[in-house]
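Structure record follows, encoded as structure tokens.
Just so it is clear, none of the values below were taken in a lab; they were calculated from the coordinates. Computed from a predicted model, the values in this text were never measured in an experiment. Cβ coordinates were reconstructed from backbone atoms using ideal geometry, including for glycine residues, and neighbour counts include every protein chain displayed.
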């Protein structure tokens, strides 16, 4: 199994966690702690403009009659909610994805998907995050960026693929997001300007039990 390279060649190695139950490889590069040296130019721009994406997407979702559903999630969609200990510790989690603000071919401004299994593993001074199964499986690394925030960089695995493309090789699969802890044992990854369907994706992360 490949090890993580400077530009997250690790995401290829992480495919071992894409439904097969194996653990991802260990991150070992000196640059691994500085997400800015790993992120592509396009992802650095997306992360720089995360708040614009958030406010635009939230406004569209609320304007289309989803205000009650958004309010029901409490602090999850508050862009300024960020507590200390931003990165979730290693363990098994339940996750679900929300899509806000229709973009491209999307028909709705607010979509909430069902819960799925996901996992965080310690990889030295970074962590790996991956979805355990399903037809679309994000895999990648969580980088510390101060105590109040983390940064996720990864790639998307589709269908029955058994190997993920290296991060940075296919911009349509690359993923970049801001990680926050928003409540006791409740985290999120906010992905601004994803490649398909929405203006903002929010991944909610809570312990599996």
If you go through 47, 76, 58, the only one that is surrounded by 17 or more Cβ atoms within 10 Å (Cβ to Cβ) and over 16 Å from the mean Cα position of the chain (by Cα) is 58
All but one of (1) closer than 28 Å to residue 62 by Cα; (2) surrounded by 16 or more Cβ atoms within 10 Å (Cβ to Cβ); (3) out of contact with any helix residue (DSSP H, G or I) (no Cβ under 9 Å at 6 or more places or on another chain); (4) free of Cβ contacts under 8 Å to residues at least 60 places away in the same chain hold for residue 184; which doesn't? (2)
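Search region 61-73 for residues being within 21 Å of the chain's Cα centre (by Cα) and assigned to a helix (DSSP H, G or I), and hand back the single one that is farthest from residue 196 (Cα to Cα).
Start the filter on region 61-73 by keeping residues that are within 21 Å of the chain's Cα centre (by Cα), which leaves 61, 70, 73.
Retained after the next criterion (residues that are assigned to a helix (DSSP H, G or I)): 61, 70.
Working: 61: 16, 70: 21 Å.
Restricting to residues being within 21 Å of the chain's Cα centre (by Cα) and assigned to a helix (DSSP H, G or I), the top hit is 70.
Yes/no per residue for (1) in contact with a strand residue (DSSP E or B) (Cβ under 6 Å, 6 or more places away or on another chain); (2) part of a strand (DSSP E or B):
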| position | (1), (2) |
| --- | --- |
| 128 | yes, yes |
| 137 | yes, yes |
| 146 | no, no |
| 151 | yes, yes |
| 164 | yes, no |
| 178 | yes, yes |
| 189 | yes, yes |
| 195 | no, no |
| 200 | yes, yes |
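Is it true that residue 142 is buried (at least 19 other Cβ atoms within 10 Å of the Cβ) and within 30 Å of residue 59 (Cβ to Cβ)?
Working: buried (at least 19 other Cβ atoms within 10 Å of the Cβ): yes; within 30 Å of residue 59 (Cβ to Cβ): yes.
So residue 142 passes the test.
Test residue 91 against the stated conditions and say whether it is exposed (fewer than 14 other Cβ atoms within 10 Å of the Cβ) and either within 29 Å of residue 59 (Cα to Cα) or without any contact (Cβ under 8 Å) to a residue 12 or more places away in the chain (or both).
On the way: exposed (fewer than 14 other Cβ atoms within 10 Å of the Cβ): yes; either within 29 Å of residue 59 (Cα to Cα) or without any contact (Cβ under 8 Å) to a residue 12 or more places away in the chain (or both): no.
No.
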Give the residues of region 30-43 that are in a helix (DSSP H, G or I) and either crowded, with 22+ Cβ neighbours inside 10 Å or touching a residue at least 40 places away in the same chain (Cβ under 8 Å) (or both), sorted by residue number. 32, 33, 35, 42, 43
Which members of region 96-115 meet the condition of being closer than 18 Å to residue 189 by Cα and either buried (at least 17 other Cβ atoms within 10 Å of the Cβ) or in contact with a strand residue (DSSP E or B) (Cβ under 6 Å, 6 or more places away or on another chain) (or both)? 96, 97, 98, 99, 100, 101, 110, 111, 112, 113, 115
